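Have a look at the structure below before the remarks.
The values are calculated or read from the model by the stated rules, or taken from the named source; none is laboratory data. Just so it is clear, the model here is predicted, and its values are computed rather than measured. Reconstructed Cβ throughout: ideal geometry from the backbone, glycine too, with neighbour counts over all protein chains shown. The protein model used for the area step is the full one, side chains on, heavy atoms only, and it has no ligands, DNA or RNA in it. Shrake-Rupley method; radii C 1.70, N 1.55, O 1.52, S 1.80 Å.
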Amino acid sequence: MRIVITGASGQLGSELKDLLLDNTEKECYFLDRKQLPLDQIQIIQDILGMYQPDLIIHAGAYTAVDKAEEDQVNADLVNHLACEEIAQYCHLHGTRLIAISTDYVFDGSSASALTETAQTAPINIYGQTKLAGEQAIQKWCPDAIIIRTSWVYSTYGKNFVKTMCRLMTERDEVSVINDQIGSPTYAKDLAVALLKIADSSKWEAGVYNYSNEGEISWYDFAVAIRDFRSFDCQIKPIPTSAYPTPARRPKYSLLDKSKIRGVFAVEVPSWEISLAKMLNEEFKN
């Protein structure tokens, strides 16, 4: 199997690279923003044609949520129009596609775990462009698999866990939002799930959810990080209104994972177990 992974230098791309680097059964190409500039949509299909993949795992995205509010053109290029080009390529060449999306396609008004058929209504530019990307993929490549995930963290890149570890060594008190509810996703767990789907004997197209199990707030997450690392830092719970950002965030985005477990027998570890595994590893770039 020849696989192209986009967003190779991101959190998920880096975890996939770790898992696949010594794999002799797969011919893998890891494309970062230099090798596959997703904002240059006119050359995307030509670049993919150089690799002739059997499968594309599209993990590349414009993820600067607040910056997207003022940088709407580039966010749309990367999250929407690049997806359209990749989906068109897959349609024309019979290539399978797994694309990563986000809980930000929802408005956060739900009171129960969101299924794949829940009503989408993004409340920021990032979410709008990611939903447009989903729709483009479904139009041009209806055989694709789209996986929505949330609160991604890893030993790679910038993320909440690494930021909290840094702040808690620098400060005596940290304020963290306690009224946004969801579940974090350890990127290594998601990478393992993606490869299980890629290796599966069945291919059932459609939208799937994946995050770790459990329902928590960002405050709960921060407390767990502090306690695991034994930081001497007070964590102050605050409402979203006390920490205004350019982009609004969904208040509730817990994802129901029963579909991906049922169809592909994917393992979904609890967030506590996965956080402990990550914090026991050495942080990278």
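The table below lists the values:
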{"read-out": "Some residue of the range 252-269 being open to solvent by 20 Å² or more (accessible area, probe 1.4 Å), of a type in the set (Lys, Arg) and either within 23 Å of Ala64 (Cα to Cα) or modelled with pLDDT under 95 (or both)", "value": "no"}
{"read-out": "Boolean, Val174 is aliphatic (A, V, I, L, M), under 28 Å from Tyr126 (Cα atoms) and either open to solvent by 60 Å² or more (accessible area, probe 1.4 Å) or assigned to a strand (DSSP E or B) (or both)", "value": "yes"}
{"read-out": "Residue identified as among the small types (Gly, Ala, Ser), more than 20 Å from Ile145 (Cβ to Cβ) and open to solvent by less than 10 Å² (accessible area, probe 1.4 Å) among Ala75, Ala87", "value": "Ala75"}
{"read-out": "Matching residues, the range 136-154, being assigned to a loop (DSSP other than H, G, I, E, B) and over 20 Å from Lys202 (Cα atoms)", "value": "Ser150, Trp151, Ser154"}
{"read-out": "When residues of the range 240-251 are limited to those that are hydroxyl-bearing (Ser, Thr, Tyr) and part of a loop (DSSP other than H, G, I, E, B), the one most open to solvent (accessible area, probe 1.4 Å)", "value": "Tyr243"}
{"read-out": "Residue count, the range 7-29 (criterion: more than 17 Å from the chain's Cα centre (by Cα) and open to solvent by less than 50 Å² (accessible area, probe 1.4 Å))", "value": "4"}
{"read-out": "Only one of Asn280, Asn285, Asn212 that is in contact (Cβ under 8 Å) with a residue 12 or more places away in the chain and open to solvent by 70 Å² or more (accessible area, probe 1.4 Å)", "value": "Asn285"}
{"read-out": "Qualifying residue in the range 180-200 (condition: open to solvent by 70 Å² or more (accessible area, probe 1.4 Å) and either in contact with a strand residue (DSSP E or B) (Cβ under 8 Å, 6 or more places away or on another chain) or small (Gly, Ala, Ser) (or both))", "value": "no"}
{"read-out": "Among the residues listed as Ala61, Ala113, the single one being farther than 18 Å from Lys196 by Cα, in contact with a helix residue (DSSP H, G or I) (Cβ under 6 Å, 6 or more places away or on another chain) and open to solvent by 30 Å² or more (accessible area, probe 1.4 Å)", "value": "Ala61"}
{"read-out": "Options Ser230, Ser217; residue that is at pLDDT 95 or above, among the hydroxyl-bearing types (Ser, Thr, Tyr) and open to solvent by 70 Å² or more (accessible area, probe 1.4 Å)", "value": "Ser230"}
{"read-out": "Where a residue in the range 36-56 is within 22 Å of Ala75 (Cβ to Cβ) and its partner, wherever it lies, is acidic (Asp, Glu) and assigned to a helix (DSSP H, G or I), with Cβ under 6 Å and at least six apart", "value": "Ile41/Glu85; Ile44/Glu85; Gln45/Glu85"}
{"read-out": "Qualifying positions in the range 191-229 - part of a helix (DSSP H, G or I) and either among the acidic types (Asp, Glu) or farther than 30 Å from Pro244 by Cα (or both)", "value": "Ala191, Val192, Ala193, Leu194, Leu195, Lys196, Ile197, Ala198, Asp199, Asp220, Asp227"}
{"read-out": "Residue ID - nearest to Leu20 (Cα to Cα), chosen from residues in the range 149-191 that are over 13 Å from the mean Cα position of the chain (by Cα) and among the β-branched types (Val, Ile, Thr)", "value": "Thr155"}
